[in-house]
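Single-structure report; data block below.
The values are calculated or read from the model by the stated rules, or taken from the named source; none is laboratory data. Fair warning: this is a prediction, and the values are worked out from it, not measured in the lab. Don't worry about glycine lacking a Cβ; one is built from the backbone with ideal geometry, like all the others, and counts go over all protein chains shown.
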Amino acid sequence: MRISEDDDTDLVRNACRDPDAFAQLYLMHYDDVFRYCVHRLFDGHAAEDVTSTVFFKVMHHLSSFDGGATDFRSWLLRIATNAVNDYLRDAQRRTQLIEKAVITTRAESVFVIDSDDKLLERKALLKEALLSLKPKYQTVITLRFFENMKLTEIAACLGKKPSTVRSWLSRATARLRKKINAATDSRGSK
Amino acid sequence: MMNDNEKYIQEFVKDLPFDAPNPEHRDELKKELLNAFPRHRLHPTGRTVGIWRIIMKSRITRLAAAAVIVLAAILALNLFNQTSGVVWAKVAQRLENIKTATYKITADMKGMPGTPEGYTTHMTQDVMVSYEQDAVRIDSALQLPGGTRKTQTYILFEDSAAVTVIPDQKKYFKVAISDEQMQKMGEEKGDPVTLLKAMLEHKYTELGRKTIDGVAAWGIQVSDPRLGTKMGSFISGAMFDETTVQLWVDQKHELPIRISATGSSKDGRASMEMVYDNFQWDIKIEPARLKPQIPDDYELVAQTKWEAGKEGEEIVDILRLFVEFADGKYPPSLKTMIVANAIASALKKKFSADSGKPSKELIARLMKVDMVGTMYTTLEKNGKDPAYYGDKVSAESPQAVLFRWKIDGDTYRVVFGDLKTEDVSADKLVQLETLSNTENKSNE
């Protein structure tokens, strides 16, 4: 049964004081947060760790949230964005993540018989290229192409003007394409 | 409209396979979240505002409550040392080399002196410890129905003093600490370090692995009312009858990530749930942040002295408050919360809302109430064989033994119901206590 936006707003409000309401809210949004994290990090375990961090932050700061149900999703994704960026801020961790991403994807190519090798190869290229961009560019790419959000929604989520997001998206896509092409050429020549 | 680059990326990411959400992680995280759900939010606020306002009208009660807040001064005086054990020894070793630490304490405390019965006070403390600069700073905020009370406490090892500033009221308290006590505190420092050693000295239970805030952690738990004074007043046995402490260590960095403590009195009137987290290690702390800046127009409300080796005498001085303000009815035990509640209640009855201003001397004596549990535990720890019978003896029993401790070799100092004292041998003490027990039984 689809619940109304008013019900959602009530649920957010009640979740501040009622553990059952919080649990319900958590279950409604767990998958969204995990998917966002895994699209940013390309690693299921890292995504689980960051998802945990996100919901602990949500639990501790929910009483300061005063918007409605629609705003809640933006608020949640903003927290997730900050948590992922914090996770990636550690340069060493970022390097390890890229290396791990490449290795595991190659391993997947070898062992997962039913998978489409081309898709996995494409995924490896994307990981390498995307994770090498600045976090803000990674964020807009993920929100736009994986979460299918409009510019205005991304702007609300990040607390930026739509014109700023437009500009970031333009630069991000140009740089990402360039990096993918370079990586493709590099692999093709090996 | 999408430009070429956007179209290219959209096409590129189409149908890429990603890990799906794992139901096991989802369920495990749900459990962890619900376990950690902030309990203070479960209590409706505001229902005791009226009572609180009435209580806070009394200047003396307000100060009695303020005296307990100075507990913060004691809280940060305790931390780590080396220990045996495999993983924990490493943790202790790592902590030995830490130069600075900051962390947050969040607590819900029921039955704080001066609050309505059953009322839960929410408290947060931001603690900064610098082992290099030999100083500790604690910024506290107590959320009460009448508003938030903020204090800053500084423990200055070089100056042998602890200072608590209340900026909103332009007031401050000062506790001078004897050289001997300061040296002891300096050795023990003051936070999660001694805590680890104290926990390992007691019988502890391994809690295994758990994910805390997304970090893999290992934990131990100690449930022992004799937890030493090194653990800080709030979480030591000196404060409550029952105390349980859990320590969780970040598996990767081998440093504490969370400490949680619960305490309660036997009668259930006072209890506490406390969490230490947000630990940061070896961050730079500007020296100026660890020194109190007290403007000229701030009033020194009271100053007192905390001397090591005179715990017994100090306890007698605290008991004298009950002769003066509680008709000689002594607190049933010397746990800090029990004594603080009993004196706050007595003072509330004794002083009307518009009674005169309490003297600085009285406030200084009230400040010592914060230390009573620690003092008693110190006597125990130092082999002074103390015993207290406030649950059976009042000022109306001048021949009965109220309190005693060993002062030297075979000699005990005995304090009777009327607070007169006598130094006696161990044999004589047995006779006095036997007589005292007989009298108490005949009075029951």
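Below, the figures for the structure above:
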item: Matching residues, region B:396-409, being more than 12 Å from B:LEU435 (Cβ to Cβ), assigned to a loop (DSSP other than H, G, I, E, B) and touching a strand residue (DSSP E or B) at 6+ places or on another chain (Cβ under 9 Å); result: B:PRO398
item: Filtered residue count, region A:152-173, keeping only those that are within 11 Å of another protein chain (Cβ to nearest Cβ) and either surrounded by fewer than 17 Cβ atoms within 10 Å (Cβ to Cβ) or outside any helix (DSSP H, G or I) (or both); result: 3
item: From the options B:TYR376, B:TYR412, residue that is at pLDDT 80 or above, assigned to a helix (DSSP H, G or I) and within 31 Å of the chain's Cα centre (by Cα); result: B:TYR376
item: Meets criteria (modelled with pLDDT under 90 and not assigned by TED's automatic domain parsing to the domain that holds A:GLN138) for A:SER64; result: yes
item: Which numbered condition B:PRO295 fails, given (1) free of Cβ contacts under 8 Å to residues at least 40 places away in the same chain; (2) in a loop (DSSP other than H, G, I, E, B); result: (1)
item: Hey, A:THR51 more than 9 Å from every other protein chain (Cβ to nearest Cβ), modelled with pLDDT of 85 or more and part of a helix (DSSP H, G or I) or not; result: no
item: Yes/no for A:ALA15 being more than 9 Å from chain B (Cβ to nearest Cβ), closer than 28 Å to A:LYS134 by Cβ and either surrounded by 15 or more Cβ atoms within 10 Å (Cβ to Cβ) or at pLDDT 90 or above (or both); result: no
item: Per-region count, region B:3-21, residues at pLDDT 90 or above, surrounded by fewer than 16 Cβ atoms within 10 Å (Cβ to Cβ) and facing chain A (nearest Cβ under 7 Å); result: 1
item: Residues of region A:22-34 that turn out to be more than 7 Å from chain B (Cβ to nearest Cβ) and surrounded by 17 or more Cβ atoms within 10 Å (Cβ to Cβ), as a count; result: 3
